[in-house]
Amino acid sequence: MPAPAGRGAAGAVEGRPVLELGDIRVTVLNDGFQRLDGGAMFGVVPKPLWERRIAPDERNRIRLALRCLLLEGPGGPVLVDTGIGSKEQARDSRFCDIYGVEREGGLLAELDALGLAPEDVRLVVNTHLHFDHCGGNTRLGPDGSVVPTFPNARYVVVRGEWQDAMAPSERNRASYLRDNFVPPQQAGLLDLVAPGSVLSPGVQFVHAPGHTRFHQCVRIDGGAGTALFCADLVPTASHIPYPYIMAYDLYPMETLGTKKSLLPEAAGEGWRIVLEHEPENPVGRLQPEERGGFGWVPEA
Ligand SMILES: [Zn+2]
C-alpha cells in the first residue's frame, strides 16, 4: 500500500517527488491506483516478455498509479490531470471492481496536506479526457449532482480531444465519461485550445498523437530545468521501448512516430521525465542504449 499522505518538511507530501525547476516547483501527487488488463497495456508484446517487467494479478491485471502534477509558480497553482476521482467510489462498485480502484484520500487529500483547498487551484490541464486522467475534474455535490471540483479554475483541453470525447465511437466510448468533463463546460469554466498551446508561463502542451488523435504531453520549463509529463505516450517505465505500445491506443503507428521524435529530444536535452501510471518511481531520465532505444534511470 502507498504511504498515507501527510504533511512533510517544506510543504512536501511524504513519498511524493518534488522537482525544483527554477520558477516552477512540480509536486508529483497520486490520486490512487487502478488495475488494467496486462495484455491491453502491452499491445502486441507477448505476455512472457511483459510479465517480467510488471507481474499481473490473478485477473491478469497490472497495478497502475494515477499521478497528477501540482505546478506552483507564476501561473498560480496548476493541476495537470486529476486522476480517477471520487465519484465512482461513491456510486459504482462494479466500475471500481473491474478497474481495481484503490483510493484513500486521493488528490484532494494530497492537496490539503500541502495547505491547498480546491478553491485555490487556478488552472486544470487535461492531457486527454479518458476517465483515469480527468475523473477528479468533478465530484459529487451534497445533493448528489456532479459539480466541478475546482470552482475557481479554468479547465483547459485541446479542442480536437473535446470533440472526440463528445462523439465517441463504439471502441472508445467506455473511456469517455461525460460527468468528468461536461460540468465544467456547463459552469463556463472550459477553455478549448490548439495542440501545443502555452498554458501558463513555462508550461506548454506538446502534441503527442497516437493514444488518441489529440493526446498531449506537458512540458514544464521553470528556467532551471525542464520536465516532460508523458501522460499515456509512455504510461510506465515498462513502456519506454518503442514497440511497447498499449492496445488501448487508437493510432499505434502514430504513437510509435511520436515516441521516436519526442524520446530522443527528451534524452538529448536531459529533460526529467514524469510517468503518469508508473507504479514505482515515476521520475527519472532516459539514457540512450547501444542497440537503440532508451533505458530508464529513475530518481530514487
Ligand atoms: Zn488514456
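Miscellaneous remarks
- Restricting the range 128-146 to residues that are within 11 Å of the ligand (Cβ to nearest atom) and part of a helix (DSSP H, G or I), the residue that is farthest from C68 (Cα to Cα) is F131.
- Filtering V156, V125, V198 for residues that are buried (at least 17 other Cβ atoms within 10 Å of the Cβ) and away from the ligand (no atom under 16 Å from the Cβ) leaves a single hit, V156.
- Residue, surrounded by the fewest Cβ atoms within 10 Å (Cβ to Cβ), within the range 89-101, restricted to residues that are in contact (Cβ under 8 Å) with a residue 60 or more places away in the chain and touching a helix residue (DSSP H, G or I) at 6+ places or on another chain (Cβ under 9 Å): Y99
- Any hit, the range 204-226, residues being among the hydrophobic types (A, V, I, L, M, F, W, C), farther than 19 Å from V283 by Cα, more than 16 Å from the ligand (Cβ to nearest atom) and open to solvent by 20 Å² or more (accessible area, probe 1.4 Å): no
- A237 in contact (Cβ under 8 Å) with a residue 60 or more places away in the chain and away from the ligand (no atom under 16 Å from the Cβ): yes
- Hits in the range 233-255 - residues which are touching a Ser or Thr at 6+ places or on another chain (Cβ under 9 Å) and not hydroxyl-bearing (S, T, Y): L233, I245, M246, D249, L250
- Test set (1) surrounded by 20 or more Cβ atoms within 10 Å (Cβ to Cβ); (2) in contact with a Ser or Thr (Cβ under 9 Å, 6 or more places away or on another chain); (3) within 15 Å of P235 (Cβ to Cβ) - V13 fails condition number: (3)
The values are calculated or read from the model by the stated rules, or taken from the named source; none is laboratory data. Note that the coordinates shown come from a computational prediction; the quantities given were computed from them, not determined experimentally. When we count neighbours, we look across all protein chains shown, and the Cβ atoms used for this are built from the backbone with ideal geometry, even at glycine. Note: areas computed on protein heavy atoms with side chains; ligands, DNA, RNA excluded. Shrake-Rupley method; radii C 1.70, N 1.55, O 1.52, S 1.80 Å.
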